[in-house]
Amino acid sequence: DQQVKQNSPSLSVQEGRISILNCDYTNSMFDYFLWYKKYPAEGPTFLISISSIKDKNEDGRFTVFLNKSAKHLSLHIVPSQPGDSAVYFCAASAISGGTSYGKLTFGQGTILTVHP
Amino acid sequence: DVKVTQSSRYLVKRTGEKVFLECVQDMDHENMFWYRQDPGLGLRLIYFSYDVKMKEKGDIPEGYSVSREKKERFSLILESASTNQTSMYLCASSFSLQGWGYTFGSGTRLTVV
């Protein structure tokens, strides 16, 4: 049972354009959402997060949008750069209600390729 | 620079062998996690630990066990390796209960032949 789903295995974008990566979740207990970025032969690194009390969080070229009613979040990268080419994982956590120990449930990942 | 170190980048083991994957963190984090990454399946949680000698099953614990005798070290054990355990294994640690505190190691690519 995949509680966090990234339905697009890959995305190809031209440099300078917008990249939009999507993520859906099914568990209504999730209240904190994160995006991680992973280069080959490296561990994932934290990119940006959003709490369920917000619908948008921005950090430089990266913006995450959360639509709680649709149980959907998206990551926008503007403008996209070749160095953004990586695998992007959406992740969710149920922080309220105590015993999650911050464990994350990850999606399948989306391979982003930004062409020069 | 804070680090999570996984002892091996690549391992090749035979079916039926007992395999130990080691992970060490230098950040004094309470929580440590083992995930495996497979194409099309993302990262799936195998086991985690929130304190020394404490462990909790994740989503796919079958065929695995863990050991946490010291705060900084979390070991994943494959009791009898099988070919379906061929995967990328990622260790992570976190200081807080919040997921943004995760720091990942670089991963161990395990091949079981």
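The values are calculated or read from the model by the stated rules, or taken from the named source; none is laboratory data. Bear in mind the structure is a predicted one, so any value in this text is a computation, not a measurement. Virtual Cβ from ideal backbone geometry, glycine too; neighbours counted across all protein chains shown.
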Checklist entry - When the residues of the range A:4-19 are filtered to those that are buried (at least 16 other Cβ atoms within 10 Å of the Cβ) and over 12 Å from residue A:109 (Cβ atoms), which remaining residue is nearest to the other protein chains (Cβ to nearest Cβ)? => result A:19
Checklist entry - Given (1) away from every other protein chain (no Cβ under 14 Å); (2) under 24 Å from residue A:48 (Cβ atoms); (3) among the hydroxyl-bearing types (Ser, Thr, Tyr), where does residue B:15 come up short, assuming only one miss? => result (2)
Checklist entry - Could you say whether any residue in the range A:61-76 is closer than 30 Å to residue B:56 by Cα, surrounded by fewer than 19 Cβ atoms within 10 Å (Cβ to Cβ) and free of Cβ contacts under 8 Å to residues at least 24 places away in the same chain? => result yes
Checklist outcome for this item: Out of (1) within 14 Å of chain B (Cβ to nearest Cβ); (2) over 22 Å from residue B:44 (Cβ atoms); (3) surrounded by 13 or more Cβ atoms within 10 Å (Cβ to Cβ), the one residue A:38 does not meet is (2)
Item to check | Selection from the range A:2-47 of residues that are outside any strand (DSSP E or B) and of a type in the set (A, V, I, L, M, F, W, C) | outcome: A:18, A:29, A:30, A:41
Checklist entry - Mind checking which pairs have a first residue in the range B:86-99 that is more than 7 Å from every other protein chain (Cβ to nearest Cβ) and a second that is modelled with pLDDT under 85, Cβ under 8 Å, 6 or more apart or different chains? => result B:95/B:101
Checklist entry - From the list B:105, B:58, B:42, which residue is within 14 Å of another protein chain (Cβ to nearest Cβ) and under 10 Å from the mean Cα position of the chain (by Cα)? => result B:105
